[in-house]
Amino acid sequence: MDNKSREHVARARIHSGLPRQGPGSDKNTEETVRRLPSLPDAARIYDLGCGPGRASIILARILRQKIICVDLQQSFLDQLNDDAAKRKLEHLIETRCGDMSVLPDKKGSIDLIWAEGAIYAIGFDAGLRSWHPLLSERGMVACSELSWLVPNPSEEPIAYWKANYPGIRSVAQNVMAAEQLGYECIDHFTLPESCWWDEYYNPWSRNLEDLREDAKHDEVLRAVIERASVEIDLFRRFSNEYGYEFYLLRKSDIKIRQAVSDDAPQIAQLMAKSLREALPFLPIIHTAEDDLMHISTTVLPNNEVFVAHNEREQIVGFIAFDDEWVHTLYLLPEFMSRGIGTRLLNIAKVQRKRLMLWTFQKNEIAKLFYAKHGFVVTKETDGASNEEREPDVHFEWIAPI
């Protein structure tokens, strides 16, 4: 047996009998399932990288629909089938031994892909990219991913995860990656620290202790135990800096990406059309040339700008924000009320702890929109200090702790 095979066996031994193959808990899985938007009757649902199937059983019990459970380890699937039979849920569980990145289904046929603690095996982006065409029009992916929870993590966890999981990114980077791949992030939240200890690290630690005697005569097992011990100790000291973030994502025909200089003409035209049609009470004080100059020389160079576009690369909305201010958020009028404004605003909110903005007092739609998303009014003015001389209102949002 070569060293790679010996290491695989060693890892299997230290994970033997664990309730879960990664951080999580039945309670949190149940809460996450209940966060899902409603699914169609006879929905096609997959649990990918299901392991022994703790999540599969919960999905079947709550949703009362068939769950297709995929894993590379037949032993896990056998365990799942036995568990389903004991719970009288075998009619709702279908197991398949196979690769979760290569599903044989038709395009547009899957309504929900559940990948709790599993997408890391093929990569966050690779998984979302390969599953996107298989999802139905409003199909969803629910997955958890190791993520940085602070903007500047310490050097020690950075070094460890760079060596052991180079794909780790911040929550904001993962949300942006999903948006760029054609998903709307409808929710995300951090799994509590107890999900790491109760059913993962504490049972894991007991396995490590039980295997230390064998490891005296097995250098590969000894090395695997050492790495596992380092990981457990690292989380004990830096659990506030990284963790598992659960992402609920829905397929969309609108993608969001960072703007480039070539987008300036489309952005300027969109802004002018939105102002004319959505805010007809405003005086027209700038020419088309003025708008293009403003976008090209001020907005794009001095802000983070993101655009929402359709499959034809038509820009249908954009947002521009800096460290504290949302300066502009416009949509083409025909694309309003589709959740695109929310997605653009969330790009800013996931990257900032505090945001401020101005809108006009007569813009009732905007006022309702920002209030819905947690912005509160801090003051109103008579408009003497803005170009349009139109009474305005100041909003502020502070991220919840």
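Can you give the FRET efficiency to the nearest 0.05 for LYS4 and ASN81, using r as the Cβ-Cβ distance and R₀ = 45 Å? Display every interim value, and only then the final one.
On the way: r = 29 Å, r/R0 = 0.65.
For LYS4 and ASN81, the calculated efficiency is 0.95.
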Output the Cα-based Rg and Dmax of region 142-198 in Å, rounding Rg to one decimal and Dmax to a whole number. 12.7, 35
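Got a number for carbon plus sulfur as a percent of the chain's accessible area, 1.4 Å probe?
Working: 9950 of 20000 Å².
Accessible surface attributable to carbon and sulfur in the chain totals 50 percent.
Ignoring everything except DSSP H segments at least 4 long, calculate the 222 nm mean residue ellipticity for the chain; use -39,500 (n - 2.57) per segment, divide by total residues, nearest 500.
On the way: 13 runs with 149 residues, N = 401.
So the helix-based figure for the chain works out to -11500 deg cm²/dmol.
Scan region 123-176 for GluC sites (Glu not before Pro) in coil per DSSP, keeping those whose Cβ has at most 10 other Cβ atoms within 10 Å, and list them by number.
On the way: sites: GLU137, GLU145, GLU155; in loops: none.
Passing sites in region 123-176 do not exist.
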For the chain, the charge dipole (Cβ of Lys, Arg +1; Cβ of Asp, Glu -1; about the Cα centre) points to a positive end, and the Cα of SER252, SER16, GLY339 closest to that extreme belongs to SER16
Mean separation of Cα contacts under 8 Å (at least 6 apart) over the residue count of the chain, i.e. the relative contact order in percent, is 13 percent
Debye log10 I(q)/I(0) at q = 0.13, 0.21 Å⁻¹ for region 237-378, Cα point scatterers: -0.61, -1.52
Compute the length gained on full extension between SER154 and ASP187: take 0.36 nm times their separation in residues and subtract their Cα-Cα distance, giving the result in nm to one decimal. 9.2 nm
Debye calculation, C-alpha points only, no solvent: report log10 I(q)/I(0) for the chain at q = 0.08 Å⁻¹, in the same order as the q values. -0.53
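I'd like the Kirkwood hydrodynamic radius of region 199-271, using the inverse of the mean 1/r over distinct C-alpha pairs, in Å. Intermediate values should be presented prior to the final figure.
On the way: mean 1/r = 0.0581 Å⁻¹.
The Cα-based Kirkwood calculation yields 17.2 Å.
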Give me the net charge of LYS362's neighbourhood, meaning all other residues with Cβ under 10 Å from the Cβ of LYS362; Lys, Arg count +1, Asp, Glu -1. -2
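Please figure out what share of the DSSP beta bridges in the chain is antiparallel and state it in percent, rounded to the nearest 5. Spell out each step's value before the answer.
Working: 43 of 63 bridges.
Among the beta bridges of the chain, antiparallel pairing accounts for roughly 70 percent.
Using just the Cα positions, wrap region 259-303 in a convex hull and report its mean projected area in square nanometres, one decimal place.
Values: hull surface 12.7 nm².
Value for region 259-303: 3.2 nm².
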Any cysteine of the chain lacking a neighbouring Cys Cβ under 4.7 Å - listed by number: CYS97, CYS143, CYS185, CYS195
For the chain, what is the accessible area per residue in Å², given a 1.4 Å probe and the full set of protein chains? 50 Å²
Select from ALA115, ALA320, ALA278 the residue whose mean-square fluctuation is largest in a Gaussian network model of the chain (Cα-Cα springs shorter than 10 Å). ALA278
Region 101-163 - Debye-derived log10 I(q)/I(0), Cα point model, q = 0.16, 0.23 Å⁻¹: -0.61, -0.94
Relative pair counts by distance (%), Cα atoms of region 319-374, 5 Å bins: 4, 17, 32, 29, 14, 4, 0
If packing is taken as the mean number of other Cβ atoms within 10 Å per residue, what is the order of 295-307, 253-265, highest first? 295-307, 253-265
Springs between alpha-carbon atoms under 10 Å, Gaussian network over the chain: tell me which of TYR201, TYR242, TYR370 tops the mean-square fluctuations. TYR370
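For region 13-86, what D do you get in µm² per second when you plug the Kirkwood radius from alpha-carbon pairs into Stokes-Einstein at 10 °C and 1.306 mPa s?
Details: Rh = 13.0 Å.
Result for D is 122 µm²/s.
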Region 141-147 - phi-based ³J(HN,Hα) in whole Hz, Karplus 6.51/-1.76/1.60, Gly and Pro as x: 10, 10, 9, 10, 9, 4, 9
Using the alpha-carbon centroid of each, what span in Å lies between region 99-137 and region 209-256? 23 Å
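Given the C-alpha atoms of region 44-198, compute the convex hull and give its volume per residue in Å³.
Per-residue hull volume (Cα only) is 128 Å³.
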Express in whole angstrom the spacing between the alpha-carbon centres of region 305-373 and region 1-45. 36 Å
To the nearest 0.05, what FRET efficiency results for CYS97 and ALA278 with a Förster distance of 60 Å applied to their C-beta separation? 0.65
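The values are calculated or read from the model by the stated rules, or taken from the named source; none is laboratory data. Remember, it's a predicted structure, so these values are computed and weren't measured experimentally. Heads up, the Cβs are rebuilt from the backbone with ideal geometry, glycines too, and the neighbour counts pull from every protein chain shown. Accessible surface areas use protein heavy atoms only, side chains included; no ligands, DNA or RNA. Shrake-Rupley method; radii C 1.70, N 1.55, O 1.52, S 1.80 Å.
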